[in-house]
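S.K.: Take a look at the following structure, please.
The values are calculated or read from the model by the stated rules, or taken from the named source; none is laboratory data. Nothing here was measured: the structure is a model prediction, and the numbers come from that model. Methodologically, a virtual Cβ is constructed for each residue, glycine included, from the backbone with ideal geometry; neighbour enumeration extends over all protein chains shown.
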Amino acid sequence: MKLKKKIHLFSTLLMFILLVLANILIYFFFERMSHNTEYDQLHGRAKELTAVLSQLETELDAGIVLRAFIPANGAISIVDSNNKTLINVQSLVGLGQVEGHVKPSNSFTIDRFEGTEALTISMPIIWPTGEVVTMKMTQLLTNVEENMKALKYVLIGVTIFAMIPITLSSMTLGRIVTQPIENLIKAMNRSRQSGTYEKLAGVVNGNDELAQMERTFNEMMEQLEQNFMKQEQFVSNASHELKTPLTVIESYSRLLARRGFENREVVEESLNAIISETGRMKEMIEQLLDLAKSSGSQRFEFAQVDLKPLLEVAVKPLRQAYGREIIIEADGPAIVETDGEFVKQLLFILLDNARKYSDREIFTSIEVLQEEVAITVKDYGKGIPQSDLPHIFDRFYRVESDRSRKTGGTGLGLSIAKEIADGLGATLTIESVVDMGTVIRVLIPKNRKVLRRF
């Protein structure tokens with residue numbers, strides 16, 4: 001059974017049961033109230049009769065009074081202590097013989113006389129003879145039964161007419177609830193059949209759960225599409241970048257096989273080229289692994305860290321390996337709540353990038369701001385054109401590919417740096433002027449309250 005039918009049947013049945021239960025309670029409450037009203041009236045008449053009988057002296061006078069007080073469609077019986085009827089006055093034949101025994105827990109009893117309810121009360125009185133007897137007064141509840149029958153028809157009619165809007169509303173509710181789900185299923189089927197990332201059209205701007213589900217689905221499909229496009233581009237770029245050094249290595253290997261045994265210059269040239277391309281391919285593979293690692297489920301462990309020692313640790317191996325002058329300017333400690341290992345990796349990428357694309361000294365500084373700490377890496381290289389700056393953090397994007405070939409760049413370093421900065425909650429900005437140099441700034445917040453994954 002479909003969800004729409006389940007909602008329709010369940011809500012309709014539930015409302016029907018609640019309506020029937022409410023009508024039953026109303027019916028019995030009104031019936032009880034009618035019986036109590038009839039009892040009060042009959043009890044008042046009986047008290048009046050008792051007061052009159054207490055002033056009489058003969059049984060004959062008592063019989064006359066009883067006939068005067070007999071209720072319409074009712075009867076009055078006087079019973080002695082031996083349960084013997086002394087006198088019986090009735091407006092209907094046989095009504096006085098109704099066995100109306102009042103239970104101790106009730107003030108009246110209800111019996112039936114010729115298909116009609118008869119309410120009976122009893123109370124002790126002093127008979128003119130001085131004997132204590134019991135007076136039983138009975139009243140047919142003809143009007144009450146007519147009223148209850150009319151009430152029953154009214155409640156049945158109300159239930160029938162009320163079920164019409166209830167049924168329509170349950171159908172509407174089922175349609176409202178299931179329509180977004182049906183649209184979602186259709187969109188997923190279209191995506192499965194066409195191989196595309198179909199989105200829901202005409203998504204409402206409401207705040208209920210259904211609107212949120214539709215918006216979330218569209219956002220998810222958009223993110224999947226973007227990730228797929230990035231993955232496709234990444235695979236294409238990676239295959240292209242790896243194909244080039246492999247082609248060079250293969251070409252020089254064939255050259256060695258043909259002429260390497262005869263010409264030493266060919267051997268030296270080929271080996272240098274193979275070593276160079278192998279090193280570049282190794283660096284590219286390492287960066288690809290780092291990028292894949294940073295795109296996984298890395299957990300950042302935030303703690304209080306002084307950035308100045310981290311910068312010095314990142315600078316030291318570059319100074320020793322490449323003999324470059326790297327100037328550090330930091331007045332004092334710069335304490336932030338961050339992950340020191342990832343910050344060190346980020347700084348190493350930025351410093352190595354500055355080292356590759358500049359020949360002069362590299363300038364680094366740490367500046368403590370009000371809520372952040374700024375780390376600046378500045379080089380005096382050729383710089384980056386303004387048209388290339390928006391794409392500088394894209395994977396495999398390189399400025400002037402020929403120069404990048406010479407420096408060994410792969411276009412992955414800044415992409416890794418950007419992902420690390422995003423995971424740390426830091427801001428990474430870049431400014432560059434052609435033929436003057438490049439300035440990269442990392443703004444790290446001083447305080448972090450939650451751990452983040454990326």
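S.K.: Please enumerate the residues belonging to the stretch 48-68 that are of a type outside the set (Ser, Thr, Tyr) and either assigned to a strand (DSSP E or B) or touching a residue at least 40 places away in the same chain (Cβ under 8 Å) (or both).
M.R.: LEU49, LEU53, LEU56, GLU57, GLU59, ASP61, ALA62
S.K.: Further, regarding this structure: Is there a residue being in a helix (DSSP H, G or I) and surrounded by 21 or more Cβ atoms within 10 Å (Cβ to Cβ) anywhere in the stretch 328-343?
M.R.: Looking for residues that are in a helix (DSSP H, G or I) and surrounded by 21 or more Cβ atoms within 10 Å (Cβ to Cβ), one finds at least one in the stretch 328-343, hence yes.
S.K.: Only one of these is at pLDDT 55 or above, more than 18 Å from PRO385 (Cα to Cα) and of a type in the set (Ser, Thr, Tyr): THR438, THR427. Name it.
M.R.: THR427 is the lone residue from the list that is at pLDDT 55 or above, more than 18 Å from PRO385 (Cα to Cα) and of a type in the set (Ser, Thr, Tyr).
S.K.: Got a sec? Which of LEU60, LEU42, LEU53, LEU49 is within 30 Å of VAL89 (Cβ to Cβ), exposed (fewer than 13 other Cβ atoms within 10 Å of the Cβ) and over 60 Å from the mean Cα position of the chain (by Cα)?
M.R.: LEU60
S.K.: It is to be established whether one or more residues within the stretch 69-92 are in a helix (DSSP H, G or I) and either surrounded by 14 or more Cβ atoms within 10 Å (Cβ to Cβ) or modelled with pLDDT of 80 or more (or both).
M.R.: yes
S.K.: Which ones in the stretch 126-155 are over 19 Å from ASP40 (Cβ atoms) and in contact (Cβ under 8 Å) with a residue 40 or more places away in the chain?
M.R.: ILE126, TRP127, PRO128, THR129, GLU131, VAL132, VAL133, THR134, LEU151, LYS152, LEU155, listed by residue number.
Each row is one residue, and each column tells you yes or no for (1) at pLDDT below 85; (2) crowded, with 16+ Cβ neighbours inside 10 Å; (3) charged (D, E, K, R).
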position: LEU350; (1), (2), (3): no, yes, no
position: PHE363; (1), (2), (3): no, yes, no
position: ASP379; (1), (2), (3): no, yes, yes
position: LEU414; (1), (2), (3): yes, yes, no
position: GLY423; (1), (2), (3): yes, yes, no
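S.K.: Kindly indicate whether any position in the stretch 270-289 is part of a helix (DSSP H, G or I), basic (Lys, Arg), under 30 Å from ILE349 (Cα atoms) and modelled with pLDDT of 75 or more.
M.R.: yes
S.K.: Of the residues that make up the stretch 141-160, is at least one touching a strand residue (DSSP E or B) at 6+ places or on another chain (Cβ under 6 Å) and in a strand (DSSP E or B)?
M.R.: So far as the stretch 141-160 goes, no, none of its residues is touching a strand residue (DSSP E or B) at 6+ places or on another chain (Cβ under 6 Å) and in a strand (DSSP E or B).
S.K.: Now for a different question. Looking only at the stretch 243-263, which residues are at pLDDT below 80, over 30 Å from ILE416 (Cα atoms) and not aromatic (Phe, Trp, Tyr)?
M.R.: The answer is ARG259, GLY260, GLU262, ASN263.
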